[in-house]
Structure formats: structure tokens, C-alpha cells
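Every number in this text was worked out from the coordinates using simple rules, so none of it is lab data. Just so it is clear, the structure is predicted and the values come from calculations on it, not from any experiment. Cβ placement follows ideal geometry from the backbone for every residue including glycine, while neighbour counts extend to all protein chains displayed.
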Amino acid sequence: MRNCATEPAAKSLSLAVPNELEALEPARLAMLEFIAPLGLPARVVYRLELVLEEALMNRLRYAFPDGRKANTEVTLCVVPEALLLRFEDDGVPFDPLQLPPPPRASSIDDVQVGGLGLPLTRKAASACYFEHVNGRNRFTVRLARA
């Protein structure tokens, strides 16, 4: 997979996002400001925001069950044909790609709250990758720029 390290002409933004609900909005605004000059289609911006929020909310809820204060390192890398969004933390090991999709509800009464963030992320992405390296979770989402 391509990443910023292998793309000499790539532009990137790195953020250390604390595992606090209040940190989500400043991270989102920083990403939007960074990509504004690119003139991306609204659907791409929407996908970026969706993936950013879902990934950070999952980390906020599950990566640090002991309540430890920590950061998720978020890197947005712009390459000619894609946006690469990488989330890295030292929380509980978790491969989001191994999670089965939630069961389909047969009626509105059977719909359960939650469990749709990762399927939505996978649907928005052109590719997703996960690795656990040196005690760190690394989840990368590739979003097409078109």
C-alpha cells in the first residue's frame, strides 16, 4: 500500500487527537482546512468526515477501557489519486476488518443502535488495511479522490 513515506510529492497532515469527545470537532476542522485548497467533490469530503468520526469514536469508546488518557495519531496523506487516512494508537488490540457485519434487521423494531460505523467506513473506502505493529494498532483507509 502506498503511504506518505513512499510518496515524495505527497502532502500530509498529522494530528495527535486525545481520546476525548471534545477533540473530535477540532480534528475534523483541521482536516477540512487542510483539504480545502484541493477542491474535492462534496462526496469525497463527506466520506473523509464519516471515516474520521467513526474511527475516532470507536477508539474513544473501546481502545482505552481503563480510562487512560492517550492520543490517536491521525495522518491524512494526499496522493494524486487518493486520500490515505491512518489512525494509530496503543490501545486494546483490535482489527476492525475482522468484525462481521451486523445482522440485517427484518423490521424497524429489530434495528439496534450502533454497530454500523465500521460497515459504513468499509463502504466509503476504496480499501482498508489493518496491522498491529510494536504494540500499536494501525488502521489505514484509502479514499478515492473522485
Open item on the list: Using Cβ contacts closer than 10 Å as the measure, can you line up ASP89, ASP95, ASP66 from fewest to most?
Closed with: ASP66, ASP95, ASP89
TODO: Report, by chain and number, residues whose modeled amide H sits under 5 Å from the one on ARG145, excluding near sequence neighbours (fewer than 5 apart, same chain).
DONE: ALA82, LEU83
Task: Separation in nanometres of the label points that stand 7 Å from Cα toward Cβ, at ASN134 and THR75 - done: 1.1
